[in-house]
């Protein structure tokens, strides 16, 4: 076994990821099962980059379930990852729109001249619209 192989502790130190998470990612198939020397996991140096990819994809919004599907799609279909990425973009756009609507509603509430927000007729209209099944974006017309 070459000297450049990393123990799980060394991989954890180089990546800032807990050993328990690395073991779990291995269990999920996100990290390939490493070689073992005297029962200890030994990772190739390339595992550092792979952990970096997992961290980056998590940072942009992919869940571990998404990452597992990405790993599976890479081995079964060339364009599978593109489909997953396109779905993630749609999901992110929806979350951004929701956050923008929430921000606009809160900013509007802070600018409300009523002492008590519950006395504001605009607030009452938004509450009624939400109870009628409208989304926040539909219920709060002052949003983006």
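Please treat every number below as a calculation from the coordinates, not as lab data. Given the structure is predicted, the values throughout are model-derived calculations rather than measurements. Cβ sites come from the backbone with ideal geometry, for glycine too, and all protein chains shown count toward neighbours.
Quick notes
- Overall form of region 95-144: oblate. Here a/c, set by the Cα gyration tensor axes a ≥ b ≥ c, is 1.5 or more, and a/b is not larger than b/c.
- Between helix 80-111 and the chain: long-axis angle, C-alpha atoms, 0 to 90°, nearest 10: 40 degrees
- Measuring r between the beta carbons of residue 83 and residue 117 and using R0 = 35 Å, the FRET efficiency lands at 0.20.
- Computed E for residue 36/residue 98 - FRET, C-beta separation, R0 35 angstrom, nearest 0.05: 0.15
- The angle between the Cα long axis of helix 64-76 and the longest principal axis of the Cα atoms of the chain comes to about 60 degrees, rounded to the nearest 10.
- Amide N proximity, region 29-56 versus residue 4 label position 7 Å along Cα-to-Cβ, cut-off under 17 Å: 35, 42-51
- q = 0.21, 0.23 Å⁻¹: log10 I(q)/I(0) that the Debye formula gives for region 1-76, counting C-alpha atoms only: -0.93, -1.08
- Axis of helix 121-131 versus longest Cα principal axis of the chain: the two differ by about 50°, to the nearest ten degrees.
- Translational diffusion of the chain, µm² s⁻¹ [Kirkwood Rh, Cα pairs; Stokes-Einstein; 37 °C; 0.692 mPa s]: 172 µm²/s
- If R0 is 35 Å, the Cβ-Cβ spacing of residue 56 and residue 138 corresponds to a FRET efficiency of close to 0.50.
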